[in-house]
Amino acid sequence: MRFTEREIQEALCERHTAAIQEKLNRGRVAIAGLGGLGSNIAFSLARIGTGHLHLIDFDRVDLTNLNRQQYLMRHVGMFKTDALKEQLLEINPYLDIRTDCVRVSDENVASLFKEDTILCEAFDVPENKAMLVNGILENYRDLIIISASGMAGYGNSNTILSKKITSRFYLCGDGVSDSRKGPGLMAPGWHFAPLTRRIWLQI
């Protein structure tokens, strides 16, 4: 069954109110890194009707990703940007989804996010996180950054915090947890809920 854009908007407005949904419709959120955090956050943002999503990753879906990332067996071998966009458009075919299948670097960070108002940093490697955050702070005046630190594995959800570091930089996580053998790579809801909530609040 296929619903019209108007029917989907009416259903969203019934849950969120028209005023809130209008804000969500205008939202322009970039997600850098489409793994355990980024793919789950993208699903949440698509479900609430965030109007404009910018998906960024250079990697392909691997069988070992399926325990925590929003991909299916049929996506193994596909670029994550393509596989995720396909699924998000099944949730809401009227979303505006832009993809960039690239590795974010010092060379492209100054131009990659010009159309976005909020950036969710969902990288795995600390050095890459620092490069992206520093690049955004240096090259953009208004772009809001919501970053993750200490979100791997599973644990006590009471340790997950959302901190305002500067006027446009928020850091979510426990600041400690990392990927290690055993509990290191899973995607329970406590991982991405604080980031998603912070994005909703900033839209």
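Starting from the Cα gyration tensor of the range 5-118, take the square roots of the eigenvalues, sort them a ≥ b ≥ c, and report rounded, prolate or oblate (rounded when a/c is under 1.5, otherwise prolate if a/b is larger than b/c, else oblate). Don't jump to the answer; show the numbers that get you there.
Working: a/c = 2.47, a/b = 1.37, b/c = 1.80.
Judged from the Cα gyration tensor, the range 5-118 comes out oblate (a/c at least 1.5, b/c at or above a/b).
Pull up all non-local amide H partners of Thr99: gap of 5 or more, or a different chain, and H-to-H distance under 5 Å with H placed in the peptide plane.
Amide H to amide H, under 5 Å and 5 or more residues apart or across chains, Thr99 pairs with Leu55.
When Lys and Arg each count +1 and Asp and Glu each count -1, what net charge do the other residues less than 13 Å away from Ser44, Cβ to Cβ, add up to? Show your work: numbers first, answer last.
Details: positive: Arg47, Arg197, Arg198; negative: none.
Surrounding charge for Ser44 is +3.
Using modelled backbone amide H atoms (1.01 Å from N, in-plane), which distant-in-sequence or interchain residues come within less than 5 Å of Arg28's amide H?
Thr117, Ile118
How charged is the neighbourhood of Asn134? Take every other residue with its Cβ under 12 Å from the Cβ of Asn134, and add Lys/Arg as +1 and Asp/Glu as -1. Please report the intermediate quantities before stating the final value.
Values: positive: Lys129; negative: Asp106, Glu121, Glu127, Glu138.
Combined, the nearby Lys, Arg, Asp and Glu give -3.
Would you kindly find the accessible area of Arg68, with a 1.4 Å probe and non-protein molecules such as ligands, DNA and RNA excluded, rounding to the nearest 10 Å²?
Result for Arg68: roughly 40 Å² accessible.
Percent antiparallel among DSSP beta bridges with both residues in the range 1-158, to the nearest 5?
Numbers: 1 of 19 bridges.
Antiparallel: roughly 5 percent of the beta bridges in the range 1-158.
Tell me the accessible surface of His75 in square angstrom (1.4 angstrom probe, heavy atoms of protein chains only), to the nearest ten.
0
If ligands, DNA and RNA are left out, what is the accessible area of Leu201 with a 1.4 Å probe, given in Å² to the nearest 10?
90
Would you kindly state how much longer the chain becomes between Ile91 and Ala18 on full extension, computed as 0.36 nm times their sequence separation minus their alpha carbon distance, in nm to one decimal? Could you put the intermediate results ahead of the total?
On the way: separation 73, 0.36 × 73 = 26.28 nm, distance 1.97 nm.
Taking 0.36 nm per residue and subtracting the Cα distance, the gain is 24.3 nm.
The values are calculated or read from the model by the stated rules, or taken from the named source; none is laboratory data. Computed from a prediction, not measured in an experiment: that's the story for all the values here. Reconstructed Cβ throughout: ideal geometry from the backbone, glycine too, with neighbour counts over all protein chains shown. Note: areas computed on protein heavy atoms with side chains; ligands, DNA, RNA excluded. Shrake-Rupley method; radii C 1.70, N 1.55, O 1.52, S 1.80 Å.
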